[in-house]
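K.L.:
Have a look at the structure that comes next, please.
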Amino acid sequence: MEQKFKRIAVKIGSNVLARRDGTLDITRMSALVDQTAELYKAGIEIILISSGAVASGRSEIQPQKKLDSVDQRQLFSAVGQAKLINRYYELFREHSIPVGQVLTTKESFATRRHYLNQKNCMTVMLENGVIPIVNENDTISVSELMFTDNDELSGLIASMMDADALIILSNIDGIYNGAPTDPASSVIREIGQGKDLSAYIQASKSSFGRGGMLTKTNIARKVADEGITVIIANGKRDHILVDLLQHPDETVCTRFLPSSEPVSSVKKWIAHSEGFAKGEIHINACATDVLNSEKAVSILPIGITHIEGEFEKDDIVRIIDFQGKQVGVGKANCDSHQTLEAMGKHGKKAVVHYDYLYIE
């Protein structure tokens with residue numbers, strides 16, 4: 001098998017695993033397991049990020065009364081996750097491949113310690129030939145603490161595990177240069193660094209998932225900037241996973257080309273940490289100009305105009321420029337009270353050091 005990837009993360013979306021009535025498509029799931037097994041036996045390390053718990057539980061239980069969306073998701077996912085992982089276990093066992101379940105929440109990535117704990121867990125699994133199957137723990141995640149969807153989670157996992165590629169399987173062939181339903185539209189095969197896609201992306205969401213193509217594109221951009229190839233392809237096509245790796249030129253998909261510049265593991269974590277930000281640091285025009293230059297610079301107190309929110313040392317903070325636009329995120333080197341005391345003064349230590357700063 002042709003291969004340049006040693007480790008890949010594969011995200012299987014709700015729309016790939018769910019039938020029209022919202023129940024689990026076992027046939028499709030089985031086909032994807034067969035393909036994953038083929039790649040595994042060719043020596044590729046694989047991490048699966050799989051949706052499908054809610055779809056899996058929907059057919060198992062009839063609620064006694066009408067439930068709101070959060071209660072419904074918690075109930076279906078609690079029942080469905082057990083069924084989903086058991087199904088994966090049985091299907092992979094036919095190939096003599098062990099799998100392990102990793103359930104996570106957005107909060108589990110909020111501190112560096114929890115982040116590294118998860119990384120260690122999955123590293124040990126891969127070293128022992130176990131395929132991690134990752135999903136958000138919908139039973140305890142509530143709306144404001146949830147990932148946008150599993151696209152966001154898959155980006156975090158691919159970045160955290162230093163994957164060579166992230167393959168996002170959806171129910172369309174990739175990103176189109178027009179409406180996917182328009183016969184005149186075609187799939188954009190390759191997207192280089194900095195290419196503007198705003199004219200092509202529709203903000204509509206998928207039937208069973210929480211995110212749409214806009215989310216996928218934003219995640220793909222961020223992950224590609226970290227040096228990881230990102231591929232968006234149709235998970236309902238036969239042999240899609242194997243074809244993407246064996247016949248990359250002939251297989252229809254959208255491929256985001258990775259940056260050639262390496263990114264440190266700490267910066268990778270910070271790049272995906274905006275959702276955990278505890279406060280904001282607002283900077284003046286001069287600091288904004290320097291930040292946008294080619295130089296490696298830290299956020300110094302002299303360039304800070306004001307802060308919002310309360311944060312502790314090592315918390316994630318948003319960096320806001322003089323026009324009120326977010327330009328990055330970083331790890332605070334001191335708490336909000338110390339920042340206020342030093343604000344506007346020369347000769348004070350950096351509030352956010354360059355090594356812990358991600359500029360968008």
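K.L.:
Tally Lys and Arg at +1 and Asp and Glu at -1 over the other residues with C-beta under 14 Å from the C-beta of THR339: what net charge comes out?
P.N.:
Charge balance in the 14 Å sphere: -1.
K.L.:
Report the semi-axes of the equivalent ellipsoid for the stretch 209-347 in whole Å, largest first, where each axis is √(5λ) for an eigenvalue λ of the Cα gyration tensor.
P.N.:
Taking √(5λ) for each eigenvalue gives 39, 15, 13 Å, largest first.
K.L.:
Hey, another quick one. Suppose every Lys and Arg Cβ carries +1 and every Asp and Glu Cβ carries -1, with no other charges. What dipole size does the chain come out with about its Cα centre, to the nearest 20 debye?
P.N.:
For the chain, the charge dipole is close to 360 debye.
K.L.:
Quote to one decimal, in nm, the extra length available between ASP314 and GLU280 on full extension: 0.36 nm per residue of separation minus the C-alpha distance between them.
P.N.:
10.9 nm
K.L.:
How tilted is helix 112-127 with respect to the longest principal axis of the chain? Cα atoms for both, answer in degrees (0 to 90, nearest 10).
P.N.:
For helix 112-127, the angle is close to 30 degrees.
K.L.:
Which value, in Å², gives the accessible area per residue of the stretch 213-316 when a 1.4 Å probe is used on the protein heavy atoms?
P.N.:
44 Å²
K.L.:
Spin-label point model (7 Å from Cα, Cβ direction): what's the VAL263 to VAL70 distance in nm?
P.N.:
The two pseudo-label positions are separated by 3.2 nm.
K.L.:
Going by average Cβ neighbours within 10 Å, how do the peptides 315-323, 55-63, 343-351, 10-18 rank, with the highest at the top?
P.N.:
10-18, 315-323, 55-63, 343-351
K.L.:
While we're on this one: Counting only protein heavy atoms and a 1.4 Å probe, tell me what percentage of the chain's accessible area is made up of carbon and sulfur.
P.N.:
Whole-percent figure for carbon plus sulfur exposure: 48.
K.L.:
Here is a follow-up. Label ALA179 and ASP21 with points 7 Å out from Cα along Cα→Cβ: what is the distance between them in nm?
P.N.:
3.0 nm
K.L.:
Based on the alpha-carbon set only, what is the convex hull volume of the chain divided per residue, in Å³?
P.N.:
Here the figure is 146 Å³ per residue.
K.L.:
Tell me the per residue accessible area of the stretch 1-98 using a 1.4 Å probe; a whole number in Å² is fine.
P.N.:
Result: 49 Å² per residue.
K.L.:
Using the eigenvalues of the Cα gyration tensor, what equivalent ellipsoid semi-axes result for the stretch 1-136 when each is taken as the square root of five times the eigenvalue, whole Å, largest first?
P.N.:
27, 20, 12
K.L.:
Helix-derived [θ] at 222 nm for the chain: sum -39500 (n - 2.57) over DSSP H runs of at least 4, divide by residue count, nearest 500?
P.N.:
-10000 deg cm²/dmol
K.L.:
Further question on the same structure: For the stretch 75-174, just say rounded, prolate or oblate: build the C-alpha gyration tensor, square-root its eigenvalues into a ≥ b ≥ c, call rounded for a/c under 1.5, and beyond that prolate if a/b exceeds b/c, oblate if not.
P.N.:
Taking the square roots of the gyration eigenvalues as a ≥ b ≥ c, the stretch 75-174 is rounded.
K.L.:
Who wins for biggest fluctuation among VAL54, VAL297, VAL99 in a Gaussian network model of the chain, springs between alpha carbons below 10 Å?
P.N.:
VAL297
K.L.:
Between LYS119 and GLN193, what FRET efficiency comes out of the Förster formula 1/(1 + (r/R0)^6) with R0 = 30 Å and r the beta carbon distance, rounded to 0.05?
P.N.:
FRET efficiency, GLN193 to LYS119: 0.70.
K.L.:
Calculate how steeply helix 213-225 sits against the longest principal axis of the alpha-carbon atoms of the chain, using the helix alpha-carbon long axis, and give the answer as 0 to 90 degrees to the nearest 10.
P.N.:
That works out to roughly 60 degrees.
The values are calculated or read from the model by the stated rules, or taken from the named source; none is laboratory data. Quick caveat: nothing in here was measured; it's all calculated off a predicted structure. Note that we place each Cβ from the backbone using ideal geometry, even for glycine, and neighbour counts take in every protein chain shown. Surface areas here come from the heavy atoms of the whole protein model, side chains and all, with no ligands, DNA or RNA. Shrake-Rupley method; radii C 1.70, N 1.55, O 1.52, S 1.80 Å.
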